[in-house]
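The values are calculated or read from the model by the stated rules, or taken from the named source; none is laboratory data. Note that the structure is a prediction, hence the values are computed from the model and not measured. Positions of Cβ are generated from backbone atoms using ideal geometry, with glycine treated the same way; all protein chains shown enter the neighbour counts.
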Amino acid sequence: MKWNLRLTAANAGIWKASEMQRLLAERGLVISAGKMSNLWSGQPISLKLSDLDVICAVLDCGVADLLKPEPVAIQAVQDDTSGQDKAVGETAGVTPRPRSGRSLPPV
């Protein structure tokens with residue numbers, strides 16, 4: 001997902017992080033300067049849904065305006081063409097270690 005706060009704020013006529021911070025505080029969401037900087041110019045690692053609700057209310061937008069999906073390239077799974085089924089957790093090319101130094105089980 002891509003965080004799109006600056007563009008959404010610009011569309012609402014808000015050009016500075018300090019102005020956005022003031023508007024959020026008026027709605028009861030007090031944000032530190034460091035967190036505001038991260039929200040404004042970065043990609044937040046986490047965000048409370050209640051905070052997201054206040055941001056949407058201030059900007060008069062929806063969540064879809066703030067979060068834009070970015071398709072991620074997913075690697076195709078290699079298909080085993082040998083025709084043999086493998087057990088769960090079994091990997092190809094694994095050989096057992098020799099049991100040197102161990103005794104045999106009792107008879």
Next on the checklist: So for region 80-100 (the condition being modelled with pLDDT under 95 and surrounded by 13 or more Cβ atoms within 10 Å (Cβ to Cβ)), does at least one residue qualify?
Outcome noted: no
Item to check | Filter result for I14 (modelled with pLDDT under 90 and among the hydrophobic types (A, V, I, L, M, F, W, C)) | outcome: no
Checklist entry - Restricted to region 17-58, and to residues that are among the β-branched types (V, I, T) and within 23 Å of E70 (Cα to Cα), which residue is modelled with the lowest pLDDT? => result I45
